[in-house]
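Novice: The following block contains the structure, expressed as structure tokens.
Read-outs throughout are calculated quantities, based only on the coordinates presented, and are distinct from any laboratory measurement. Everything numeric here is computed off the predicted structure, so don't read it as measured data. All Cβ positions, even for glycine, are placed from backbone atoms using ideal geometry, and neighbour counts span all protein chains on display.
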Amino acid sequence: PRLRVVRCMAASEAAQLKSAREDIKEILKTTYCHPILVRLGWHDSGTYDKNIEEWPQRGGADGSLRFDPELSHGANAGLTNALKLIQPIKDKYPGITYADLFQLASATAIEEAGGPKLPMKYGRVDITAPEQCPPEGRLPDAGPRLPAEHLREEIVALSGAHTLGRSRPDRSGWGKPETKYTKDGPGEPGGQSWTAEWLKFDNSYFKDIKEQRDQELLVLPTDAALFDDPSFKVYAEKYAEDQEAFFKDYAEAHAKLSNLGAKFDPPEGFSLDADKGAVATEEKAVADPAPTSDTNGAGPQPEPFVAAKYSYKKRELSDTMKQKIRAEYEGLGGSPNKPMKSNYFLNIMIVIAGLAFLTSLVGN
């Protein structure tokens, strides 16, 4: 019988995802749609129910938001505009899933707005029918009866993503129709932002919520809870003072959120930047070639001095001893990168000392 080779494909092709990422960057440059793309990724994954094990019943990042039953949920008002931006990219790259594309768009928007590099992985599998969409009501609410208790289902760092975007009363029921920061766009004018520079990803959200001095900026009940609730306040204060700490925690939290409920193929997923280490090593080998024996006729060069190589049996020299050896070596004109200079006076003294030692032996 003839053997047939079957090629096993992942849910998405890495090469197409990389190309799609570049197309998303171009869209961001012209439409300033960073906030709605972040929202698209969040709302697709945010329907995850930890109490349900089966996929896709558990919800999460499975591309279900593209279907009308879920897109029509009240919390998803306005996200049809995000789908209109994304669909041409999906049509151009049929080898990627909606689930991966939504999360790729969200992560790219954060990074292109000045945010941290996110440790994303891909390979998410799509649901295939509208009947598989999760029920309405799973997404977090902006104004629950007990904001702090409700917010414990999220991560404080994720709230910092409100540094991007605006809230529109005709979509979410919150915010002003426009403010001095939003009336002229960019993009579609209107809405109320949490920060003055609402297309820049930084820690302004925590600073502005803490001070609450600008009435033009939005503060939802769940925003205020970050500084009202003692357990949240510790982190909110930290992020307001230390943007680097916020970026670090946010990157981890965003990546975790993007994986909620997802089914991966391959099961471990894959990274679009997994080959960077190999490239860096290869470039380093080119930039720093190994020394050759050709020394322009000067003969072989001494091996560079490395104090750590000098050890007693299996016990390594202490750092203090290494420093002492190095200092003495450099004191005689040597260095780790060049041979020690000749010191004729020292050589003569060594010869005299040797002769004196031999003379004493002969005498004895």
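Novice: What list of ³J(HN,Hα) values in whole Hz, one per residue of segment 69-86 in order, does the Karplus curve 6.51 cos²θ - 1.76 cosθ + 1.60 (θ = phi - 60°) give from phi, with Gly and Pro shown as x?
Specialist: Residue by residue, segment 69-86 yields x, 8, 4, 7, 4, x, 5, 9, 4, x, 6, 4, 5, 5, 5, 5, 6, 7 Hz.
Novice: Can you work out the Karplus-derived ³J(HN,Hα) for every residue in segment 249-257? Use 6.51 cos²θ - 1.76 cosθ + 1.60 with θ = phi - 60°, whole Hz, and x for glycine or proline.
Specialist: 6, 5, 4, 5, 5, 4, 4, 5, 4
Novice: Sticking with this structure for a sec: What list of ³J(HN,Hα) values in whole Hz, one per residue of segment 195-200 in order, does the Karplus curve 6.51 cos²θ - 1.76 cosθ + 1.60 (θ = phi - 60°) give from phi, with Gly and Pro shown as x?
Specialist: Calculated HN-Hα couplings, in order: 10, 5, 9, 7, 10, 10 Hz.
Novice: If you look at just the Cα atoms of segment 152-253, how large are its Rg and its Dmax in Å?
Specialist: 13.3, 38
Novice: If you don't mind, there's one more thing I want to ask. Which residues' amide hydrogens lie under 5 Å from the amide hydrogen of Thr47, considering only partners 5 or more residues apart or on another chain, with H built in the peptide plane?
Specialist: Gly60
Novice: Can I ask one more? Restricting to Cα pairs below 8 Å that are 6+ residues apart, what does the relative contact order work out to for segment 152-253? Please round to a whole percent.
Specialist: Relative contact order, segment 152-253: 28 percent.
Novice: Still on this structure, please answer the following. In segment 28-118, what trypsin sites (Lys or Arg not before Pro) fall in a loop by DSSP, with at most 13 other Cβ atoms inside 10 Å?
Specialist: The qualifying sites are Lys50, Lys117.
Novice: Considering only Cα-Cα distances, which of the following residue pairs are longer than 28 Å: Lys25/Lys50; Lys25/Lys248; Lys117/Lys183; Lys207/Lys248?
Specialist: In this structure, Lys25/Lys50; Lys117/Lys183 lie more than 28 Å apart at Cα.
Novice: Continuing with the same structure: Take every Cα-Cα distance within segment 1-106, group them into 5 Å bins from 0 onward, and report for each bin the whole-number percent of pairs it holds.
Specialist: 2, 11, 21, 21, 18, 11, 6, 4, 2, 2, 1, 0
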